[in-house]
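Q: What follows is a structure written as structure tokens; I'll ask about it next.
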Amino acid sequence: QVHLVESGGGLVQPGGSLRLSCAASGYRFIIYAMDWYRQAPGKERELVASITSDNRTNYADSVKGRFTISKDNLVNTIHLQLSSLKPEDTAVYYCHAQIMVNDYWGQGTQVTVSS
């Protein structure tokens, strides 16, 4: 059974940093791409960053140069380093994996950027 568990969210001041993690289990982690999405109140869920099985990355324009996605195959975990945070980055952040034809989501972790 696939499980995705996020951690690392919290309250941070504008300009600050956070590191999110997503621990994966129940499938062959090394061969699948993974993504981070976020959903702000009243808005649709949006793709933030992706990483392929061979570590190619892609970012939403709104976070390019500020966020970094990475993958640790030894511990089946992906990370999202958030830097230069802005109030508009406030959202629940979710990790996602598409395995075969199924979509799997974590429970989400709240990031709040506020002074």
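The values are calculated or read from the model by the stated rules, or taken from the named source; none is laboratory data. All of these numbers come straight from a predicted model, not from anything done at the bench. Backbone-built Cβ (ideal geometry, glycine too); neighbour counts: all protein chains shown.
Q: Please find, within segment 1-28, the residue that is nearest to V75 (Cα to Cα) out of those that are hydroxyl-bearing (S, T, Y) and at pLDDT 95 or above.
A: The residue in question is S21.
Q: Looking at segment 29-41, which of the residues that are assigned to a loop (DSSP other than H, G, I, E, B) and modelled with pLDDT under 95 is surrounded by the fewest Cβ atoms within 10 Å (Cβ to Cβ)?
A: Residue satisfying both the conditions and the ranking: P41.
Q: Which residue pairs have Cβ atoms closer than 9 Å, lie 6 or more positions apart in sequence or on different chains, and pair a first residue in segment 50-74 that is surrounded by 15 or more Cβ atoms within 10 Å (Cβ to Cβ) with a second residue that is among the acidic types (D, E)?
A: Filtered contacts from segment 50-74: S50/D35; I51/D35; A60/E46; V63/D89; R66/D89; F67/D89; I69/D35.
Q: Next up: Please go through segment 82-115 and give me each residue that is surrounded by 17 or more Cβ atoms within 10 Å (Cβ to Cβ), in a strand (DSSP E or B) and within 14 Å of the chain's Cα centre (by Cα), ordered by number.
A: Those that are surrounded by 17 or more Cβ atoms within 10 Å (Cβ to Cβ), in a strand (DSSP E or B) and within 14 Å of the chain's Cα centre (by Cα): L82, A91, V92, Y93, Y94, C95, H96, A97, Y104, T109, V111.
Q: Ok, one more. What pairs can you find where one residue is in segment 5-24 and at positive phi and in a strand (DSSP E or B), the other is surrounded by 14 or more Cβ atoms within 10 Å (Cβ to Cβ) and at pLDDT 95 or above, and their Cβ atoms are less than 8 Å apart, with a gap of 6+ or different chains?
A: G10/L18; G10/V111; G10/T112
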